[in-house]
Structures are given as C-alpha cells and as structure tokens.
1. Could you grab me the full set of residues in the stretch 118-163 that are hydroxyl-bearing (S, T, Y) and not in a helix (DSSP H, G or I)?
2. Only one of (1) in the same structural domain as P235 (by TED's automatic domain parsing); (2) crowded, with 21+ Cβ neighbours inside 10 Å fails for G305. Which number is that?
3. Report yes if some residue within the stretch 317-331 is modelled with pLDDT under 95 and surrounded by fewer than 17 Cβ atoms within 10 Å (Cβ to Cβ); otherwise report no.
4. Given the condition on the phi > 0 side of the Ramachandran plot, under 22 Å from the mean Cα position of the chain (by Cα), surrounded by fewer than 21 Cβ atoms within 10 Å (Cβ to Cβ) and at pLDDT 95 or above, answer yes or no: does some residue in the stretch 334-342 qualify?
5. Give the residues of the stretch 120-168 that are more than 15 Å from the ligand (Cβ to nearest atom) and crowded, with 24+ Cβ neighbours inside 10 Å, sorted by residue number.
6. For the stretch 413-442, name all the residues that are within 22 Å of K392 (Cβ to Cβ), of a type outside the set (G, A, S) and in a helix (DSSP H, G or I).
7. Within the set of pairs 6+ apart or on separate chains, which have a first residue in the stretch 332-358 that is over 30 Å from V79 (Cβ atoms) and among the acidic types (D, E), a second that is crowded, with 21+ Cβ neighbours inside 10 Å and modelled with pLDDT of 95 or more, and C-beta atoms under 7 Å apart?
8. Looking at the stretch 81-101, which of its residues are touching a residue at least 12 places away in the same chain (Cβ under 8 Å) and not aliphatic (A, V, I, L, M)?
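The values are calculated or read from the model by the stated rules, or taken from the named source; none is laboratory data. As the structure is a prediction and not an experimental result, all values here were calculated from the model. Every residue, glycine among them, receives a Cβ derived from its backbone with ideal geometry; neighbour counts consider all protein chains shown.
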Amino acid sequence: MSTAAGKIANVKGPLPGPKSRELFERWEKVEAQCTGYQARVVWDHASGVVVTDVDGNTYLDWTSGVLVTNVGHCHPDLVKAAQEATAKLLNNYECLTEARVVAAEKLVSVMPDHLDRCFFLTTGSETVEAAVRIMKRATGNFEIISFYGGFHGRTYAALSAGGLAGPKKGYGPTVPETIRVPYPYCYRCPFKAKPETCGHLCLEFLDDAVRANSTGSLAGVLIEAYLGAAGFIFPPEGWMPKLEQWLRDKGLLFTLDEVQSSFGRTGKFFAMEWEGLEPDLVCIGKGIGSGVPASAVGARSEVIGVLGRGEMSSTMGGNPVASAAVSAVIDIMQREKLADNALRIGKIMKARLDEMKEKCPYVGDVRGKGLVMGVELVKDKASKEPAPELTKKLIDLAAGHGLLIGSVGIFGNVIRVAPPLVITEAEAHESLDIFETALSKL
Ligand SMILES: Cc1ncc(COP(=O)(O)O)c(C=O)c1O
C-alpha cells in the first residue's frame with residue numbers, strides 16, 4: 001500500500017486488485033504465457049509518468065513500457081498528431097506521403113552530421129536485420145563481430161548476433177559466422193580486472209579472438225551503446241572510441257544499436273554523441289515513436305546507398321501514423337528539452353540510488369547515465385552472487401507501494417530505472433521514497 005500519503009502513488013489494496021485478477025485469469029486461458037515477469041497489475045491508462053490500473057490504483061512508472069514512452073505516456077501533442085493522421089490516411093505502402101518526407105527530414109536533422117540518410121521500419125529487430133544486411137552487402141563479406149550479453153531483438157539475424165542464450169534456446173543452429181567477444185561488464189569482469197587499471201584488456205582479447213576466428217571475411221561490428229537487456233551495462237569512458245578506432249583500422253563497418261539508447265534516454269539525443277562516435281549505421285527504435293510503433297535505420301548515404309530500388313521496403317514502415325508520430329516526438333523532445341531533463345533528473349536519482357547502495361545489503365551495483373540506470377541485486381556484496389528471486393520480490397513490493405519497475409540482466413537481477421523523460425524532481429523523489437521503502441522490506 002502506498003506510504004506516500006497525499007502524493008501521486010495510491011494503491012488501495014493488495015495486488016492484483018479484483019478486476020486485474022479477473023483479467024489475468026481470462027488471459028491465461030487464451031494467450032501463450034511466454035512474456036517476462038511483471039507486477040500483477042493490469043494497466044488501464046497513463047499520462048506522463050503516472051499509470052492507472054483497471055482497479056483505479058495509481059503508480060509512478062520507472063519502465064516507460066520498456067524504455068519506449070520517452071515523451072511521457074500519452075503526451076497530448078503525440079496523441080493529437082497520431083489521431084489526426086489516423087483519420088486522414090492509414091496505409092499507402094511505399095507510395096510517398098508528405099508526413100514521411102517531413103519525418104525523414106526531422107530525423108536526419110537531429111542525427112549527427114555524418115548520418116545523412118534514414119529508412120523507416122516498424123520494430124527495433126527489423127532495423128538490426130536491415131543493418132546486418134547492409135553491412136554484408138556493402139562489404140561483400142559475411143562475418144559479424146558482436147558481444148556477450150548483446151540483445152538486438154528476436155528475429156533471426158538479430159538473435160543470432162545477440163549474446164544472450166535465452167532468445168536462442170531450442171532454435172539453433174543460428175546464423176553462422178558471428179564472432180562474439182566480451183562487452184566490458186566491469187562489475188563482473190571476465191578477466192577479473194579493474195576498469196581503472198585494465199587498459200581495456202577486453203579490446204586486446206577482441207583482437208586475439210578475431211585473429212583466431214576470422215577467415216578474412218569480416219563485414220562489421222554490431223554493438224549496443226550500452227548493454228540493455230543484459231543489465232544496463234555501460235562501457236567505461238574511452239572504450240567505445242578505442243573500439244571504433246580498431247574497427248576503422250581494420251576497414252570494418254560499424255553498426256551502433258541505439259534502439260533503446262536514443263531519443264534522449266542517456267541525456268543526449270543519441271548516446272553516440274557522448275564520445276563523438278561516428279557509426280556507419282545506427283538502429284533506432286522504441287522512443288522514436290514513444291508508443292506508436294516506429295523505427296528507423298540512420299546511415300551514411302554511401303553505405304545505405306548500396307541498396308538499389310526495390311531492395312528494401314516494409315509493409316508498415318514509414319506509414320502515415322508512424323511518420324506523424326516521429327515528427328511529433330522530435331518536436332516535443334526539442335521543445336521540452338527532454339534530453340537535458342533526463343540528464344538533470346538522472347543525476348538526482350543516481351545520487352540517491354548510490355546512497356541506497358551504501359545502506360542496503362542487497363544492492364551490489366548502481367550504474368547508468370541520464371534516465372537509464374540499473375540497480376543490480378546480489379545475495380551478498382562480497383561474493384556478488386546474483387539475486388533474481390529478490391528482484392522479483394522487489395518488483396512486487398514496489399508495485400504494492402505504487403511504483404512500477406521491471407527487471408533485466410544476464411542473471412535476471414537488475415532493476416530497470418527508466419522513467420519517461422518528462423519526470424519532475426518531485427515525481428523522482430516520490431518514486432525513490434517508494435523504492436527505498438520496498439528495498440527495506442526485502
Ligand atoms: C538494443 C535493442 N535492440 C533491438 C531491440 C529489439 O527491438 P524490438 O523489440 O522493437 O524488435 C531491443 C528491444 O528491447 C533492444 O533493446
């Protein structure tokens with residue numbers, strides 16, 4: 001139950017509430033039960049950072065769906081743009097609309113200068129499929145370098161390149177010729193090194209791994225700006241530029257998967273801006289439509305230009321509603337300076353989460369940037385043994401007090417702290433109060 005009397009969060013009774021319980025029972029009889037662990041809450045409507053369930057309980061939201069509703073749930077300008085577009089034209093396939101032209105112009109204008117083209121698709125996985133295809137096509141080669149813990153989606157090339165076993169279970173053999181190497185997960189370094197002194201040992205290993213495994217047919221590198229599904233794992237400063245230099249020296253193409261790190265999430269419009277990275281291809285999803293299904297590949301014209309007429313299209317990509325949404329989201333992001341807000345509020349939240357880490361015996365690590373942070377739960381700080389069961393318990397405890405959180409992580413033990421970027425300081429503090437209360441009850 002909410003401890004934050006008189007504030008936003010208000011949970012009136014034990015969860016699931018009666019209407020939620022009834023809907024869960026009906027759902028379990030008709031849809032395959034293969035989604036992840038979530039609080040026992042049936043969402044009804046949402047606005048900004050506040051979600052209301054079908055029983056009338058209200059929650060602060062640290063999920064943004066799954067890092068999707070960056071401009072806030074149901075931002076009125078986005079809703080209006082999508083509604084107007086819906087009433088006007090629903091599908092036109094590849095035939096051009098003004099809405100698509102405007103969306104593409106806006107997207108190119110917010111990307112770093114070297115990325116001068118885009119192509120619209122619908123999901124993040126599709127952008128990864130497209131980027132892998134373009135890397136192979138542009139180089140005439142077929143080997144892809146990717147990373148342990150990487151998650152790029154559940155379609156075939158995307159899951160094959162990924163470095164998580166879950167999505168591949170019972171599905172192999174996956175696409176061959178992927179050389180997978182460690183991402184710098186410094187809290188659990190596979191080389192037992194310290195980031196301050198290791199000199200980026202994992203990059204040396206990458207060089208060795210490529211020498212041992214490549215037949216000389218390398219196309220490029222596919223990498224997330226930070227590992228999302230593996231547990232919000234951020235590379236140490238300087239690591240990505242060094243990787244970029246390495247792949248340039250080898251003449252390889254560089255695809256940066258920003259499906260979840262773009263659209264202000266880390267405190268810059270794109271995460272690549274932090275260290276001035278210049279990928280040849282960038283995968284963009286989730287926040288670009290802020291809830292309206294949309295995605296895009298951003299590219300250098302000379303790279304994406306290898307595809308000629310008729311070589312890439314998508315039934316839904318760039319449809320009028322998605323295009324209107326992309327334009328509205330970019331306008332909102334710029335007008336409301338949401339990347340700046342993510343940075344400002346992110347710092348406040350990180351400071352309080354760091355304090356909680358000192359006090360709580362189960363918080364092993366707090367990491368992140370802007371409004372994407374991971375709280376890694378362990379049974380014991382010295383052994384760092386992951387605590388996935390405590391993580392589930394915390395999700396339920398937090399929901400019971402009016403805060404929606406989800407989990408990620410190679411071990412399923414990382415809490416996602418990723419509220420919509422419109423969150424205010426007061427909302428941030430209220431949500432942190434609830435989180436602290438929930439932690440104290442573990
Ligand atoms: C980094 C990254 N790439 C790709 C994807 C796949 O996106 P989608 O689920 O829209 O296909 C995700 C989804 O979580 C992601 O986090």
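1. First, pick out the residues of the stretch 118-163 that are hydroxyl-bearing (S, T, Y): 122-123, 125, 127, 139, 146, 148, 155-156, 160.
Listed by number, the residues that qualify are T122, T123, S146, Y148, T155.
2. (2)
3. Filtering the stretch 317-331 down to residues modelled with pLDDT under 95 leaves none.
Checked the stretch 317-331: no residue is modelled with pLDDT under 95 and surrounded by fewer than 17 Cβ atoms within 10 Å (Cβ to Cβ).
4. Within the stretch 334-342, the subset on the phi > 0 side of the Ramachandran plot is 337.
Retained after the next criterion (residues that are under 22 Å from the mean Cα position of the chain (by Cα)): 337.
Subset that is surrounded by fewer than 21 Cβ atoms within 10 Å (Cβ to Cβ): 337.
Next, from what is left, pick out any that are at pLDDT 95 or above: 337.
Yes.
5. I134, M135, I145
6. We begin by selecting, within the stretch 413-442, every residue within 22 Å of K392 (Cβ to Cβ); these are 413-419, 431-442.
In the following step, the residues that additionally are of a type outside the set (G, A, S) were identified as 413-417, 419, 432-437, 439, 441-442.
Once the filter is applied, which keeps residues that are within 22 Å of K392 (Cβ to Cβ), of a type outside the set (G, A, S) and in a helix (DSSP H, G or I), the stretch 413-442 yields L432, D433, I434, F435, E436, T437, L439.
7. Going by the 7 Å Cβ cut-off, the qualifying pairs are D354/V366.
8. Looking only at the stretch 81-101, we keep the residues that are touching a residue at least 12 places away in the same chain (Cβ under 8 Å), and these are 81-82, 84-86, 88-94, 97, 99-100.
Listed by number, the residues that qualify are E84, T86, K88, N91, N92, Y93, E94, T97, R100.
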